[in-house]
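What follows is a single structure, written as structure tokens, with notes after it.
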Amino acid sequence: MIIEVSVVPNSPRFSVGYKNGRLKVMLMSQPEKNRANIELIQNLSKLLGKQVRIISGLTSKRKKLAADITEGEWKAFLASIE
């Protein structure tokens, strides 16, 4: 499944929300030396319980991720964060 994400680096804490069809992820890491991307992948993989990878937007605040989840698992995840 492809997931569209907006990231906000340098946040006071890690958090995940959903708005306008896009996941919004607040990251504590700075966007230097790939730190924010690593935090994004590690934490989302842990939350989803599935492997996640960046497929576009490596240096952008808007990214597309690929996750090995079903539509039902995605809907359950969204319900859990609202």
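Where a number appears in this text, it was derived from the coordinates with a stated rule and is not lab data. Just so it is clear, the structure is predicted and the values come from calculations on it, not from any experiment. Using ideal geometry, Cβ is built from the backbone for each residue, glycine included, and neighbour counts are taken over all protein chains shown.
Quick notes on this one:
- Among the candidates V25, V7, residue that is in contact (Cβ under 8 Å) with a residue 40 or more places away in the chain and in a strand (DSSP E or B): V7
- Those residues of the range 34-70 which are over 21 Å from R13 (Cβ atoms), basic (K, R) and in a loop (DSSP other than H, G, I, E, B), in sequence order: K50
- Test: residue in the range 71-80 that is in contact (Cβ under 8 Å) with a residue 12 or more places away in the chain and assigned to a loop (DSSP other than H, G, I, E, B): no
- Hits in the range 45-70 - residues which are among the basic types (K, R) and touching a residue at least 40 places away in the same chain (Cβ under 8 Å): K61, R62, K63, K64
- Residues located in the range 56-67, provided they are loosely packed, with under 13 Cβ neighbours inside 10 Å and either more than 12 Å from V7 (Cβ to Cβ) or of a type in the set (V, I, T) (or both): S56, T59
- A single member of N20, N37 is surrounded by 12 or more Cβ atoms within 10 Å (Cβ to Cβ) and without any contact (Cβ under 8 Å) to a residue 40 or more places away in the chain, and it is N37.
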